[in-house]
1. Evaluate the following for residue 383: is it within 15 Å of the ligand (Cβ to nearest atom), exposed (fewer than 15 other Cβ atoms within 10 Å of the Cβ) and not hydroxyl-bearing (Ser, Thr, Tyr)?
2. Specify the residue that is nearest to the chain's Cα centre (by Cα); the eligible residues are those in the range 124-137 that are open to solvent by 10 Å² or more (accessible area, probe 1.4 Å) and at pLDDT below 85.
3. Search the range 181-204 for residues being at pLDDT below 90 and more than 23 Å from residue 162 (Cα to Cα), and hand back the single one that is least open to solvent (accessible area, probe 1.4 Å).
4. For the range 343-351, state whether one or more residues are buried (at least 21 other Cβ atoms within 10 Å of the Cβ) and either within 15 Å of the ligand (Cβ to nearest atom) or at pLDDT 95 or above (or both).
5. Exactly one condition in (1) within 19 Å of residue 215 (Cα to Cα); (2) within 15 Å of the ligand (Cβ to nearest atom) is false for residue 276; which is it?
6. Could you tell me which numbered condition residue 304 fails, if it satisfies all but one of (1) open to solvent by 50 Å² or more (accessible area, probe 1.4 Å); (2) under 22 Å from residue 31 (Cβ atoms)?
7. Consider residue 209 against the criteria (1) in contact with a strand residue (DSSP E or B) (Cβ under 7 Å, 6 or more places away or on another chain); (2) open to solvent by 10 Å² or more (accessible area, probe 1.4 Å); (3) at pLDDT 95 or above: it satisfies all of them except one. Which criterion is unmet?
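The values are calculated or read from the model by the stated rules, or taken from the named source; none is laboratory data. As the structure is a prediction and not an experimental result, all values here were calculated from the model. Using ideal geometry, Cβ is built from the backbone for each residue, glycine included, and neighbour counts are taken over all protein chains shown. Accessible surface is based on the protein model in full, side chains and every heavy atom, while ligands, DNA and RNA are left aside. Shrake-Rupley method; radii C 1.70, N 1.55, O 1.52, S 1.80 Å.
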Amino acid sequence: MQYYSTNNPDHKVSLKEAVIKGLAPDQGLYMPESIPEMPVSFFEKLPSMSFQEIGYAVIGALFGEDLNEEQIKDLVDHTLIFDAPLVKVEEGIYSLELFHGPTLAFKDFGARFCSKLMSMLMEGEQRKVKVLVATSGDTGSAVANGFYNVPGVEVIILYPKGKVSELQEKQFTTLGGNIHCFEVDGMFDDCQRMVKDAFLDKELNDNMLLTSANSINIARWIPQCLYYFYAWSRLPEKNKKLAISVPSGNFGNLGAGILAQRMGLPIHTFVASTNINRVVPDFLHGLDFKAMPSVSTISNSMDVGNPSNFFRLLALYGNDEALFREKVKGFYFDDEDTAKAMKKVMEETGYVMDPHGAVGYLGLRNFIKMNPSDFVGIFLETAHPGKFKSVVDKVLGIDLELPARLAQFLNGEKKYEELKNDFAAFKSLLLKSR
Ligand SMILES: *Cc1c(COP(=O)(O)O)cnc(C)c1O
């Protein structure tokens, strides 16, 4: 399979080049040149298949031309080491819990798949790879833990100073070894821009092999489609129309859902739910797409003002804006709405949502309220509430117990350096670290 750039459909590269480069030279995002449709027999069998079996079939359909059966099995087995249970929260509303992995957020799926695939594709290469990551929190921890001690790979993480929760920060800054962390005096968008600029810098690319493990990388993005298939396979009410609400920031997760839909999964409507960083809901309501500076919220992993994957979503709908607006409904919520929803759901059902999942829940509730009752809904619970303990405790007036694997990160010591919000400073640091 070849992968084309969203900025130029004639620019096509191999799987290896798409994964190692991350971003196309024209700054476009790589997309598979064709999207396989899963056969009817697959959907009939789905309810009785394990998560892994679903993984072999779907990853086989997407990567079967480039990887052999054993490699596909290795990749899936390495990625799906934890479950993604579908939990009933209210009548007709389910939470898809994606936080049972090592760093307790959905990004563990993409990061584990990406590190494994990269090391497969780099086999036999003499050069070391430098993985550059900009993070608003959870990407850093998932990528750091996914790539920790992977031979031949150095990871460089940029994160905005003071904008990442203590626990998130500890999950990537305490590892050391091949994981190098830099605290940038700026916002997430600044970190993301510096990383993008590095990929486009000729001198840097002549001197080292740079790659990206952000959700722009197909190796992070594509495997996220797996849990949509799994969710549907476990859903009791298959006779109803299905709406899935995705709490979104950079929009990789929603894009992976649309990929699953394009592969034949019967999802009727997607709900794009955001905090007040509302660029995409505004677009869906008819405005032009216009990047904005990001604004801090209590769902900080979604504080993204210039969502990278937007043009990938558009490409999935054949660059047809009207179709995109018809198939995806957008909602945004402020921190007060989010806190209220967390409280209400806990009081009425006992279910504790994290602030990101709560934004997803709100989008789903709003969509279902406006539509006839023949819908069943799933919202993605993208992180364990313990990752945002200080917010969750304050909003709910509780003292949430941290899962052991989260608590153990707190004992580690942070190792990081400060970095000016300036590409020249970042570039000289990279050149020095050769
Ligand atoms: C990254 C993240 C999101 C946003 O996901 P995108 O794919 O960037 O839209 C939502 N919730 C949590 C907890 C995250 O870490």
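1. No: the conditions fail for residue 383.
2. Applying the filter and picking the extreme gives 136.
3. Step by step, filter the range 181-204, then rank; the result is 199.
4. For the range 343-351, residues buried (at least 21 other Cβ atoms within 10 Å of the Cβ) and either within 15 Å of the ligand (Cβ to nearest atom) or at pLDDT 95 or above (or both): present.
5. For residue 276, the failing item is (1).
6. For residue 304, the exception is condition (1).
7. (3)
Residues checked against (1) under 30 Å from residue 204 (Cα atoms); (2) within 16 Å of the ligand (Cβ to nearest atom):
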| site | (1), (2) |
| --- | --- |
| 89 | no, no |
| 92 | no, no |
| 96 | no, yes |
| 99 | no, yes |
| 106 | no, yes |
| 111 | yes, yes |
| 116 | yes, no |
| 135 | yes, yes |
| 138 | yes, yes |
